[in-house]
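Asker: Sending over a structure as structure tokens; questions will come in a sec.
The values are calculated or read from the model by the stated rules, or taken from the named source; none is laboratory data. As the structure is a prediction and not an experimental result, all values here were calculated from the model. Please note: Cβ atoms are built from the backbone with ideal geometry, for glycine as well, and neighbour counts cover all protein chains shown.
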């Protein structure tokens, strides 16, 4: 069945006309007349009933197709091609890409709800599609020229290309404005030189969004520009995949640029000096998305722990009968509900066009820390079995540790939140 989507005003994101666009994907119908606001104030889901049906389908796919293959992914450190093809057939690579380019055009609220379902399995599966539905495509969606969007977004939406976002460098992690990769204009091209590190999906990516300094005299944000760099571009290479603590199946490596000649038409937006602003747009949305991706594993871990404590017996009774066990279950459930409510509120505000920079940091900070707390409690609930690789909780415990590090460490988000709080109060720090 076709997925019918409303057209939206480019300025306010509200529905602006009665015509409909059909995209062959999830089988739901969303439609509203010109600038109808009454129900948008409560939810950004365009057809809740149909979207609920989609979420149920996604939930079944995760439980029936992905969860049974988790151990295989962990053993081989990759997601098998048949699963990649199955996820592509479900439209997962194009969730956030506009419908006119072959995607689903999900609102932020729809995207985070889908992310919470998709991430209730090995993090490798959501990572495989996550760069396409997040940082690997968002710069093009937000600031790409019409020609750039038309050429690349359909390939990302279908999964034919895997996107990757290359910002972090060995000497520019939390301080992204300190990046040293350069892009020097040479006729109708730019020559890129530098190294990026910790780049998700770099070993398998076909398209990179790269931040580089085009103005050597401007060492701040204004000297940075964003480029689209296809993998086959001469001078681009990737390093050996890192051996990581967790997240097996999600390849991460360095990306090297050695006199890499990139056509000037690949400058995102066609204007120099806008790259850092583009990166911040990408990261603001991605932080909300990532918060949802922290919530899904927490839901799964709690579900597994509840099953375990209601079956495991000690001292003649199931563990669930002990009040200290009940307290840990209650703490997990409370944390998850708080994160979910925070994420949905922030997603709705973003869809309404509000500035959610601080709220996005709050979401990412709270949800990533929450997931770590839930993981620790669940290992404790499993007891010795929680330390054994045969039980998935051990894998989740290692996998979710990364959430507090990437897309801004917890400490960076604490600083950002505090600075904006002081600014709102009229103080400066």
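Asker: Tell me which residues, restricted to the stretch 246-267, are within 30 Å of residue 72 (Cβ to Cβ) and assigned to a strand (DSSP E or B).
Answerer: Residues satisfying the conditions are 252, 253, 254, 255.
Asker: In addition: On the basis of being within 24 Å of residue 93 (Cβ to Cβ), part of a strand (DSSP E or B) and not assigned by TED's automatic domain parsing to the domain that holds residue 72, does residue 226 make the cut?
Answerer: In short, yes.
Asker: Can you tell which of 377, 350 is assigned by TED's automatic domain parsing to the domain that holds residue 404, over 30 Å from residue 177 (Cβ atoms) and in contact (Cβ under 8 Å) with a residue 12 or more places away in the chain?
Answerer: Unique residue meeting the criteria: 377.
Asker: Answer yes or no as to whether residue 66 is more than 16 Å from residue 116 (Cβ to Cβ), in a helix (DSSP H, G or I) and either in contact with a strand residue (DSSP E or B) (Cβ under 8 Å, 6 or more places away or on another chain) or touching a residue at least 12 places away in the same chain (Cβ under 8 Å) (or both).
Answerer: Taking the combined requirement at face value, the residue does not satisfy it.
Asker: Hey, among the residues in the stretch 187-204 that are out of contact with any helix residue (DSSP H, G or I) (no Cβ under 9 Å at 6 or more places or on another chain) and assigned to a strand (DSSP E or B), which one's nearest to residue 136 (Cα to Cα)?
Answerer: Per the criteria, the residue is 199.
One line per residue, one yes/no per condition, for (1) surrounded by 24 or more Cβ atoms within 10 Å (Cβ to Cβ); (2) assigned by TED's automatic domain parsing to the domain that holds residue 64; (3) on the phi < 0 side of the Ramachandran plot:
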position	(1), (2), (3)
99	no, yes, yes
104	yes, yes, yes
114	yes, yes, yes
154	no, yes, yes
185	no, no, yes
189	no, no, yes
201	yes, no, no
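Asker: Give the stretch 161-172 a look and list any residue that's free of Cβ contacts under 8 Å to residues at least 24 places away in the same chain and either farther than 15 Å from residue 221 by Cα or under 18 Å from the mean Cα position of the chain (by Cα) (or both), or say none.
Answerer: Within the stretch 161-172, 171 is the sole residue that qualifies.
Asker: Which of the following residues is over 17 Å from the mean Cα position of the chain (by Cα) and crowded, with 23+ Cβ neighbours inside 10 Å: 73, 123?
Answerer: Going through 73, 123 in turn, the sole match is 73.
Asker: Here's something else I'd like to know. Is the stretch 358-365 home to any residue that is at pLDDT 95 or above and surrounded by fewer than 18 Cβ atoms within 10 Å (Cβ to Cβ)?
Answerer: no
Asker: Residue by residue through the stretch 222-259, note down the ones that are touching a residue at least 60 places away in the same chain (Cβ under 8 Å), buried (at least 19 other Cβ atoms within 10 Å of the Cβ) and closer than 22 Å to residue 405 by Cα.
Answerer: 247, 248, 249, 250, 251, 255 - these are the residues of the stretch 222-259 that are touching a residue at least 60 places away in the same chain (Cβ under 8 Å), buried (at least 19 other Cβ atoms within 10 Å of the Cβ) and closer than 22 Å to residue 405 by Cα.
Asker: Having 3 or more residues that are modelled with pLDDT under 95 is the bar; report the helices (runs of 4 or more DSSP H) wholly within the stretch 92-157 that clear it.
Answerer: Those helices (runs of 4 or more DSSP H) span 123-133, 135-143.
Asker: Let me ask another. So, of the residues in the stretch 205-221 that are surrounded by fewer than 18 Cβ atoms within 10 Å (Cβ to Cβ) and closer than 22 Å to residue 138 by Cβ, which turns out to be farthest from the chain's Cα centre (by Cα)?
Answerer: Applying the filter and picking the extreme gives 221.
Asker: Can you go through 176, 189 and tell me which one is over 23 Å from residue 416 (Cα atoms) and in contact with a strand residue (DSSP E or B) (Cβ under 9 Å, 6 or more places away or on another chain)?
Answerer: It is 189.
Asker: In a helix (DSSP H, G or I) and modelled with pLDDT under 95, is that true of residue 86?
Answerer: no
Asker: Would you call residue 407 outside any helix (DSSP H, G or I), touching a residue at least 12 places away in the same chain (Cβ under 8 Å), out of contact with any strand residue (DSSP E or B) (no Cβ under 9 Å at 6 or more places or on another chain) and closer than 28 Å to residue 250 by Cα?
Answerer: Taking the combined requirement at face value, the residue satisfies it.
Conditions tested, residue by residue: (1) in a helix (DSSP H, G or I); (2) at negative phi.
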| site | (1), (2) |
| --- | --- |
| 240 | no, yes |
| 244 | no, yes |
| 269 | yes, no |
| 280 | yes, yes |
